[in-house]
Structure formats: structure tokens, C-alpha cells
Amino acid sequence: MSMNSFGHLFRVTTWGESHGPALGATVDGCPPGVAIDEAMIQHWLDKRKPGQNKFTTQRREPDQVKILSGVFEGQTTGTPVQLMIENTDQRSKDYGDIMDKFRPGHADITYWQKYGIRDYRGGGRSSARETASRVAAGGLAREAIKQIAPNVQISGYMTQIGPHKIDRAKFDWSQIEQNPFWTPDASAAEDWAAYLDDLRKSGNSVGAVVEVVARGVPAGIGAPVYAKLDTDLAASMMSINAVKGVEIGEGMAAAELTGEANADEIFMGQNGPQYSSNHSGGILGGISTGQDIVVRFAVKPTSSILTTRKTITKSGEETEIITKGRHDPCVGIRAVPVGEAMMACVILDHLLLHRGQIGENRGRIG
């Protein structure tokens, strides 16, 4: 299987399967001299790890990261950083009944059609467990960003679960880590808890919308054509398991606006250009404006549900299937730290590209 890497200069290759002995990431291109240890990366993995509450899968994985290479005396050396996370709570027997059946909504059928080989133990490489590797790489990226652009802050949160959206008037950054949904609306979190609990008990699932914001990103990173910042951000978010749609800034809603409404008017402030609004999501022509970079992605409902669904077997026979095991009733919850990690990796990659080609911004205003 090819194409397990992403990034240009900061390049991440993930490896491993859901029910194998371990999974992880090989990170190439991290600058030398970045202060890092396992605890720094573990902080972000702890946000994603399963079994933290009744709204996520009850698979018990500590997701303990080990740094195997590329770090000496607490600093990166500039050589590949190897990150490993051992699997400790596999229950492969949960999947024995479906080894010859394709789960609707899963990649089982397409993997079989393409490769003729299928790891039925939790989906193997297609499992969302692969995202633990991304979060580990993202933790390293965050520490490198601190050295290059220390004002950058990356935050993700849920804005919608099923048909239920947050009230933007009640947006409170301090609430994001105070509830199991990573949402900035405390009242929405209470409503969502009751809604998702009912779905969970019935064996059903639901989708969600996650928003990731990068504040303090300097103007000028990105490129006009094939290395657009928004192109790479969209590709990175779309590569996350179960993501079916990505928006930058106003996104699809921009189609409903007039040119007058959509244009972010520009004014001169004491510290440079200022904008009346941010419909562009902080990116114009593939290049950052210096405003908040806003990315939003939609996560489909978890396909593994305890409801009988019709399917076929590898031999083409029609049958029915119930997917047993331990699954998230809303995979969007644990997608929040994954979205943050992908944002961090892409931002760092483009900071390094910018530094390599341009150095400091050449165009002066004022």
C-alpha cells in the first residue's frame, strides 16, 4: 500500500494497524534543536485516547508514546523522529463473525476490491486508530512552531452534532476543555449529552462538525497555485477517517453571499492591515492574510452500529450483518485533537517552506 506520507518539508509517514502490535509515525524534516520529550507529545494523545467517557469507544488504550530516534538530550537532532504507540487492548475475536462480510459504510469492500487482502480485525489500516499516529506527529509539530512562530495558537472544537448546532453568541474559549464534546457552548454540551446518550443506548451513531482555528499565523505563508495553504489544509482534513466535507472560512455558505457581503474590507491599523471580517478564513489566493485561519470539517456517523444491515460476502452472497465490538457513537468527538494535529503539521510545513524560499516577507505596507 503506497501513499502513507504527507507534507513537503515536514513530512510524516504513519504506519501500523488497529490490531497489530503497535502503530506510529516517522517524522522527517523536523528542524534540529526543538525541545521535546514524550510527556509533551503525550499531552495531546491523552485528548484523543479512547475510553475517557461513555460517549467514546470503551477500548482501553493508554496510547503511551515512545520516542525511538531523532532526539538527543531533550532536543531534536534534525534526523527522522520515530514515534511508536503500542496496542494493548485488542479484541480481534470481536470481528471473527465478519471476516467474510463487508460492513456497510466501511472501507472493507473497497480494500478487498483493490488489494485482494483484507485485515478484518477492526479495519486494519483503515481504522480510525491510525489517527493516534497523526496526533503524536502533531505534538512534535506544535513544539517546532513555538520556535518559528511563537504567537500561533491552534484550537479545535465541535460546533454541531447531528442536527444540533452551538449558539455562536454563547461561544466561550474557556469552555472547550470543560466538557466531553470539546465545545465552546456549555449549554449545547448539556443538550448533546442527553441526545447522544439516547443514541448510544439504542446502538446507533451520529455525525458531527468540527472547527479548527489557528490564531497568530503570520501573513505570507502558502503559495498561489499548487502549494496553496488552503489546498494542503483541505487535503489534510479530508484524509482523516470518516471526514466527508471540508470548508475554509465561509465555505459553502459563500455561494449564498453577494460580492459586497463576502469582501473582507481592508483598513490600515497601527500594526499593519486590518480586516472588517474574515469570510476568507484567513487565506487569500492560497496565502495567509494574518487573520485567524478557520477550517471546518464534517464527520459522518460511525458506520459500526448494532443495527442489522444488509450486505454481501466476498463470494457475492447476500446476507445481513451486525457490527459488534467497541465503537464511538460519534467519532467526531475524538476527531477534534486529530484536526488540531493536522492543522499543526500543515502550518509548520508551510512555515518551513516560506523560510526556505523567502525568509522574511518582502512586501512592505506603510
Handout entry: Amide proton proximity set for Leu284, modelled H, under 5 Å, gap of 5+
Key = Thr289
Problem - Heavy-atom surface of the chain, accessible at 1.4 Å and reported per residue (Å²) - result: 48
Fill in the blank from the handout: Expressed in angstrom and rounded, the centroid-to-centroid distance over alpha carbons for region 148-194 and region 331-353 is 17
Practice task
Calculate the dipole size of region 289-366 relative to its Cα centre from +1 charges on Lys and Arg beta carbons and -1 charges on Asp and Glu beta carbons; express the result in debye to the nearest 20.
Solution key: 20
Exercise for the section: Considering only Ser276, Ser239, Ser69, give the residue with the highest GNM mean-square fluctuation for the chain, with springs between Cα atoms whenever their separation is below 10 Å. Expected result: Ser276
Fill in the blank from the handout: Along region 271-284, Karplus-curve 3J(HN,Hα) (6.51, -1.76, 1.60; θ = phi - 60°) to the nearest Hz, with x for Gly and Pro, reads 10, x, x, 10, 10, 6, 7, 9, 4, 6, x, x, 9, 10
Completion exercise
Residues meeting the amide H criterion for His8 (H placed from the backbone, H to H distance under 5 Å, 5 or more places apart or on another chain) are none
Exercise for the section: Measure nothing fancy, just the Cα-based angle from helix 131-148's long axis to the longest principal axis of the chain, in degrees from 0 to 90, nearest 10. Expected result: 10
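For Cα pairs less than 8 Å apart in space and 6+ apart in sequence, what is the mean separation divided by the residue count of the chain, i.e. the relative contact order in percent?
With pairs under 8 Å counted, the relative contact order is 22 percent.
Length gain on complete extension for the stretch Ile312 to Ser277, per 0.36 nm per residue less the alpha carbon to alpha carbon distance? Show your work: numbers first, answer last.
Working: separation 35, 0.36 × 35 = 12.60 nm, distance 5.10 nm.
Full extension of this stretch gives 7.5 nm more.
Could you work out what % of the accessible surface of region 213-349 is carbon and sulfur, using a 1.4 angstrom probe and leaving DNA, RNA and ligands out of the count? Show your work: numbers first, answer last.
On the way: 3360 of 6330 Å².
Carbon and sulfur atoms account for 53 percent of the accessible area of region 213-349.
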Handout entry: Of Ala107, Leu233, Leu352, farthest towards positive along the dipole that unit charges on Lys, Arg, Asp, Glu beta carbons give the chain
Key = Ala107
Completion exercise
The farthest towards the positive end of the charge dipole of the chain, of the residues Thr13, Ser276, Ala137, given +1 on Cβ of Lys and Arg and -1 on Cβ of Asp and Glu, is Thr13
Handout entry: Protection proxy ranking, peptides 36-47, 20-31, 335-346, average beta carbon neighbours within 10 Å, highest first
Key = 335-346, 20-31, 36-47
Problem - On Cα atoms only, tilt of 332-357 relative to the major axis of the chain in degrees - result: 40
Practice task
Answer with one residue from Ala255, Gly123, Ala189: the one whose Cα lies farthest towards the positive end of the charge dipole of the chain, charges on Cβ with Lys, Arg +1 and Asp, Glu -1.
Solution key: Gly123
Completion exercise
Whole-Å distance linking the alpha carbon centroid of region 1-22 with that of region 241-275 is 33
Fill in the blank from the handout: What helix-only [θ] at 222 nm does the chain give? Using -39500 (n - 2.57) per DSSP H run of at least 4, over all residues, to the nearest 500, the answer is -8000 deg cm²/dmol
Completion exercise
Any chymotrypsin sites (Phe, Trp or Tyr not before Pro) in region 214-311 that lie in a DSSP loop and have at most 11 other Cβ atoms within 10 Å would be Tyr226
Handout entry: Share of carbon and sulfur in the accessible heavy-atom surface of region 119-197 [1.4 Å probe, %]
Key = 45
Fill in the blank from the handout: Here the FRET efficiency for Thr110 versus Ile365, based on Cβ atoms and R0 = 41 Å and rounded to 0.05, is 0.25
Exercise for the section: Go through region 226-275 and name the GluC sites (Glu not before Pro) that are in a DSSP coil and have 13 or fewer other Cβ atoms within 10 Å of their Cβ. Expected result: Glu265
Completion exercise
Taking a ≥ b ≥ c as the square roots of the eigenvalues of the Cα gyration tensor, with a/c under 1.5 meaning rounded and otherwise prolate when a/b exceeds b/c and oblate if not, region 224-355 is prolate
Problem - Note, ³J(HN,Hα) from phi for region 297-304, Karplus 6.51, -1.76, 1.60, rounded to Hz, x at Gly and Pro - result: 9, 9, 10, 6, x, 4, 6, 7
Handout entry: Selected from Leu233, Leu352, Leu284 as most flexible by GNM, with the chain as the system and alpha-carbon contacts under 10 Å
Key = Leu284
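Report, in debye and to the nearest 20, how large the dipole of the chain comes out about its Cα centre when Lys and Arg carry +1 and Asp and Glu carry -1 on their Cβ. Intermediate results must be reported in sequence, preceding the final value.
Details: 39 positive and 42 negative charges, 175 e Å.
Its charge dipole is roughly 840 debye.
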Exercise for the section: Give the shape of region 172-227 as rounded, prolate or oblate, defined through the alpha-carbon gyration tensor: a ≥ b ≥ c are the square roots of its eigenvalues, a/c under 1.5 means rounded, and otherwise the shape is prolate if a/b is larger than b/c and oblate if not. Expected result: oblate
Fill in the blank from the handout: Applying the gyration tensor rule to the Cα atoms of region 90-189 (axes a ≥ b ≥ c; rounded if a/c under 1.5, else prolate if a/b exceeds b/c, else oblate), the class is oblate
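The values are calculated or read from the model by the stated rules, or taken from the named source; none is laboratory data. Fair warning: this is a prediction, and the values are worked out from it, not measured in the lab. Counting neighbours? That spans all protein chains shown, and the Cβs are built from the backbone with ideal geometry, glycine included. Remember, those area values only see protein heavy atoms, side chains included, never the ligands or the DNA or RNA. Shrake-Rupley method; radii C 1.70, N 1.55, O 1.52, S 1.80 Å.
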